[in-house]
1. Please determine, in degrees from 0 to 90 and to the nearest 10, the orientation of helix 213-225 with respect to the longest principal axis defined by the Cα atoms of the chain, where the helix direction is its Cα long axis.
2. By how many degrees, between 0 and 90 and to the nearest 10, does the Cα long axis of helix 62-84 differ from the longest principal axis of the chain?
3. How do 230-238, 155-163 rank on mean C-beta neighbours within 10 Å, highest first?
4. When ranked by the protection proxy of mean other Cβ atoms within 10 Å per residue, highest first, what sequence do the peptides 49-59, 200-210 form?
5. Against the longest alpha carbon principal axis of the chain, how many degrees, from 0 to 90 and to the nearest 10, is the axis of helix 17-53 turned?
6. Per q in 0.09, 0.14, 0.16 Å⁻¹, report the Debye log10 I(q)/I(0) for region 55-203, using one uniform scatterer on each alpha carbon and no solvent.
7. Given only helices, namely DSSP H runs of n ≥ 4 each adding -39500 (n - 2.57), what is the per-residue ellipticity at 222 nm of the chain, to the nearest 500 deg cm²/dmol?
8. What is the distance in Å between the Cα centroid of region 79-144 and that of region 193-221?
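We did not get these values from a lab; they are worked out from the coordinates using the rules stated. Please read these numbers as outputs of a predicted model, since none were measured by experiment. Positions of Cβ are backbone-derived with ideal geometry, glycine not excepted, and every protein chain shown enters the neighbour counts.
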């Protein structure tokens, strides 16, 4: 009996038209809010892309465009990082939604913010990107960086230090390039670089963060994609456009609840008699003009 109480409560709650109307209003308002915020954020990063494009000329290569994007990201954020490292809580937008626009404004997440903003900028160029969690002193996620897929393969960028590495053939280096020849590439780090970030190892997702759930998902991906490919999946890169994701979640919830509410209203207000079923033909008869439409049911 006790186990049925929650079900009875839910049944009564969703049978209440006042609650359903409130829920629909809340979801519709959420749709407008998430769409508005997504449009603002998309415009914000498109403006940054436009600024970068103005500095690109015919001599630029794909690698040099990536460097200009990273330099713009670092320039935009380095002063803000010093300003907003004060521990002041910025409210639910930063704490709960945490969009890339908040990272851009505050750089409050240190290397995580730099990496998310650069990744979001590069998404406007339609580059495949992944946010990588570097291992340092035996600990993963000690430092976040960005990897971008170019025509020559994946290359690594560190927007926090505005750092990239150049191979002997003048192309940008990959994480593996730097990892396997740190003595060579360590000579290219900029002033102020933390030399504890020695490119020991990298992971792209923390599959142990949510016990049971994430390991189960990882196991399925290992079977479907193979462990090597599954290990390169960067979960965070799929959640950079967070307002767009919330918009589609709200839309997914809104449509069936709205349809259910309309059916409930029609059945309650137009067909309260249980002997008259709610069917399409009865609805047509009810809506048909004339004083005798009820009698025709």
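1. Between the helix axis and the principal axis of the chain, the angle is about 70 degrees.
2. Helix 62-84 sits at roughly 80 degrees to that axis.
3. Top of the packing list down: 155-163, 230-238.
4. Ranked from most to least packed, the peptides come out as 200-210, 49-59.
5. Once rounded, one gets 30 degrees.
6. Values returned for q = 0.09, 0.14, 0.16 Å⁻¹ are -0.28, -0.68, -0.88.
7. After summing the helix terms and dividing by residue count, I get -16000 deg cm²/dmol.
8. 17 Å
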